[in-house]
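First the structure, in the form of structure tokens, and then the observations on it.
The values are calculated or read from the model by the stated rules, or taken from the named source; none is laboratory data. Keep in mind it's a predicted model, so treat the numbers as computed, not measured. Cβ coordinates were reconstructed from backbone atoms using ideal geometry, including for glycine residues, and neighbour counts include every protein chain displayed.
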Amino acid sequence: MSNFWGLCQRSHFKKFGIRNNRIFVYIFILKKLIKDREVWMNFLIILQKIIKKYQFVKLSNLGFPSNWEDLLSM
């Protein structure tokens, strides 16, 4: 559980340019908590499909940085 709180530290997100009061930060934390790469990549594929389907949603309002795919694929 201490790992979770370490992930939630504001400074941890700052280095990636992530605002910690938007939905993207929670997705980023999930990436760090899900250790199974295959499970994570399946989630990421589904997320990409949802984003493509709802292109009218402004991702920056949800806290997604311009390099969100890179951050979630690392």
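A few remarks follow.
- Test: residue in the range 3-17 that is at pLDDT 70 or above, surrounded by 13 or more Cβ atoms within 10 Å (Cβ to Cβ) and of a type in the set (A, V, I, L, M): no
- Filter result for Lys32 (surrounded by 13 or more Cβ atoms within 10 Å (Cβ to Cβ) and either assigned to a helix (DSSP H, G or I) or touching a residue at least 60 places away in the same chain (Cβ under 8 Å) (or both)): yes
- All positions within the range 51-60 that are surrounded by fewer than 10 Cβ atoms within 10 Å (Cβ to Cβ) and not aromatic (Phe, Trp, Tyr): Lys52, Lys53, Gln55, Lys58
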